[in-house]
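The values are calculated or read from the model by the stated rules, or taken from the named source; none is laboratory data. What you see is a predicted model, and the numbers here were worked out from it, not measured in a lab. Positions of Cβ are generated from backbone atoms using ideal geometry, with glycine treated the same way; all protein chains shown enter the neighbour counts.
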Amino acid sequence: MKVIIMAGGSGTRLWPLSRSNYPKQFLKLKETDKSIFQQTMLRCLKLTGIEDIYIVTNKNYRFLISGQIEELGLKSYEENILLEPQGKNTLPAICYGIKEIRKKGEDTVAVFASDHLIGQTDKFINLIKSGIELSKEYLITFGVCPTSPETGYGYIKKGNPLSTGFKVDSFKEKPNLETAEKYVKEGYLWNSGMFMFRTDIFMDEVKKHCPEVFKSFLNDDTEQCFKETPKISVDFGVMEKSDKVAVIALDVPWNDLGSFASFYDEYDGKKDENGNVTFGDDIIINSKGNMIYSEGNKAIAAIGIENLVIVDQNDALLICKKDETQLVKEAVDKLRAKKDSRADFHLTEYRPWGSFTILEEGSFYKIKRLTVLPGKKLSYQMHYHRSEHWIVVSGTAKVTINDEEELVKSGESIFVGAGEKHRLENPGKLLLEVIEVQSGAYLGEDDIVRFQDDFKRC
């Protein structure tokens, strides 16, 4: 069995917690020690080996994915991280994964999103496995048993029963509340966006119902495949048209974190007697039905408010009504229209060697905290317009300046002048933390010339 994990996404619906350069699947939510993507990986490993897991994503997330896999103590199969040249929705993404899988022969494939929270893992895995025999004849979609009349999900109407599951009678678009209530009463399922099928049967159905996509992926050149293929979802392109679709019901806790309203629902166990969800020592007075999610140790006092979502980050603050969280994307669009980088970037950015966090910046200076993973090193590089002063906070740094190496220990510092070739490396087994003070006329991340790089970014 093979698995395809869909790990793209724009990161707009949970802004400012999630952003396009670091979307929700890579977040480690409060009170969890693994990201949503890592939880997805661990579930998939109960179905197959890591060498049979294919991850379809884009180039911006390549090193994030590798790093999060390695953080689990697993080997990252780089050849199985499939980079889309451009986003064309779910059908081309799945076809890309299947095209790579078929190079090793036909097989059964399960397709999962990387950003779903799923409970009762063992029961979930058994339900997925129950579809293997059925997949010899049908394209299987997995429908979640509703817990409420949600208007943010599509629905699936069950048809005649099969040996496992049901034939699909029809797919329904996201309904209004009255229609959603009717669907729940009549036993419809939420459309989860999880699938299972044989590679040969699926591609035959793509050829039959969406020939323009099928033809595009006959090309050996991936760039050309994505250039030629239309932008289309797997539901609209194949599942809603095929007469070979079955559904298996998933009676397990499931949340796609599609908005902060569903985010609030995920923390049902943390609600106080007035339905407030908080994660720190927040002061709540005469308030009910709110969610407060803050970064750091900021004290927040909420007085006389109802049904609000408050998400406080160091560089951005969201305050909205809980029933209007679907409009968060519009706020992100407005920031992008103003070319505001906070629409897409956190103060903390992740790199294949670790991460950096901007602590403070002005016109001619910027202060960062660098975290370098054990055994990793930055590229051997040079800047035209800025100098850098590195102060080692913890660990030991191996610093190369103009081909001369020096060890810099905790409490020590070193200066790198503009125009000097330099490299920072962590030779130890513990995290290396460095405070970097930049000064110069231009401090942009694009002022960099790489001479050597372990991650082939030259």
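For the reader, a short list of remarks on this structure follows.
- Residue match in the stretch 337-350 (condition: part of a loop (DSSP other than H, G, I, E, B) and surrounded by 19 or more Cβ atoms within 10 Å (Cβ to Cβ)): yes
- Residue list for the stretch 27-52, restricted to those being within 22 Å of Gly152 (Cβ to Cβ) and under 10 Å from the mean Cα position of the chain (by Cα): Leu27, Ile36, Phe37
- Within the stretch 1-32, being of a type in the set (D, E, K, R) and under 22 Å from Phe356 (Cα atoms) holds for Arg19, Lys24, Lys28, Lys30.
- Qualifying residue in the stretch 27-40 (condition: of a type in the set (Val, Ile, Thr), touching a helix residue (DSSP H, G or I) at 6+ places or on another chain (Cβ under 6 Å) and assigned to a helix (DSSP H, G or I)): yes
- Taken as a whole, the condition of being of a type in the set (A, V, I, L, M) and either more than 18 Å from Ala246 (Cα to Cα) or touching a Gly at 6+ places or on another chain (Cβ under 6 Å) (or both) applies to Leu117.
Every residue, every condition in (1) crowded, with 23+ Cβ neighbours inside 10 Å; (2) acidic (Asp, Glu); (3) more than 22 Å from Tyr77 (Cβ to Cβ), yes or no:
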position: Ser20; (1), (2), (3): no, no, yes
position: Phe26; (1), (2), (3): yes, no, no
position: Lys30; (1), (2), (3): no, no, yes
position: Asp33; (1), (2), (3): no, yes, yes
position: Arg43; (1), (2), (3): no, no, no
position: Gly49; (1), (2), (3): no, no, no
position: Val56; (1), (2), (3): yes, no, no
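- Picking from residues in the stretch 401-454 that are under 16 Å from Leu370 (Cβ atoms) and out of contact with any strand residue (DSSP E or B) (no Cβ under 8 Å at 6 or more places or on another chain), the one that is modelled with the highest pLDDT is Gly428.
- Matching residues, the stretch 34-51, being hydroxyl-bearing (Ser, Thr, Tyr) and either at pLDDT below 95 or within 12 Å of Ala110 (Cα to Cα) (or both): Ser35, Thr48
- Top-ranked residue of the stretch 243-265 - restricted to ones that are crowded, with 17+ Cβ neighbours inside 10 Å and of a type in the set (D, E, K, R), ranked as farthest from Pro146 (Cα to Cα): Lys244
- Here the stretch 192-223 is the region considered, the condition is being more than 28 Å from the chain's Cα centre (by Cα) and touching a residue at least 40 places away in the same chain (Cβ under 8 Å), and the residue that is farthest from Leu127 (Cα to Cα) is Glu205.
- Residue among Val168, Val109 that is hydrophobic (A, V, I, L, M, F, W, C), in contact with a Phe, Trp or Tyr (Cβ under 8 Å, 6 or more places away or on another chain) and outside any helix (DSSP H, G or I): Val109
- Top-ranked residue in the stretch 435-457 [being in a loop (DSSP other than H, G, I, E, B) and touching a Ser or Thr at 6+ places or on another chain (Cβ under 7 Å); ranked as nearest to Lys377 (Cα to Cα)]: Asp453
- Leading residue by the ranking (surrounded by the fewest Cβ atoms within 10 Å (Cβ to Cβ)) among those in the stretch 164-196 that are among the small types (Gly, Ala, Ser) and under 14 Å from Ala249 (Cβ atoms): Gly187
- Failed item, numbered, when Leu82 is tested on (1) touching a helix residue (DSSP H, G or I) at 6+ places or on another chain (Cβ under 8 Å); (2) not in a strand (DSSP E or B): (2)
- Note on the stretch 315-332: residues that are without any contact (Cβ under 8 Å) to a residue 60 or more places away in the chain and among the acidic types (Asp, Glu) amount to 2.
Each row is one residue, and each column tells you yes or no for (1) more than 31 Å from the chain's Cα centre (by Cα); (2) not small (Gly, Ala, Ser); (3) not in a strand (DSSP E or B).
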{"site": "Ser387", "(1), (2), (3)": "yes, no, no"}
{"site": "Val392", "(1), (2), (3)": "yes, yes, no"}
{"site": "Glu405", "(1), (2), (3)": "yes, yes, no"}
{"site": "Gly411", "(1), (2), (3)": "yes, no, yes"}
{"site": "Ile414", "(1), (2), (3)": "yes, yes, no"}
{"site": "Leu424", "(1), (2), (3)": "no, yes, no"}
{"site": "Gly428", "(1), (2), (3)": "no, no, yes"}
{"site": "Glu433", "(1), (2), (3)": "no, yes, no"}
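- Check on Gly67, assigned to a loop (DSSP other than H, G, I, E, B), within 29 Å of Thr357 (Cα to Cα) and not assigned by TED's automatic domain parsing to the domain that holds Tyr264: no
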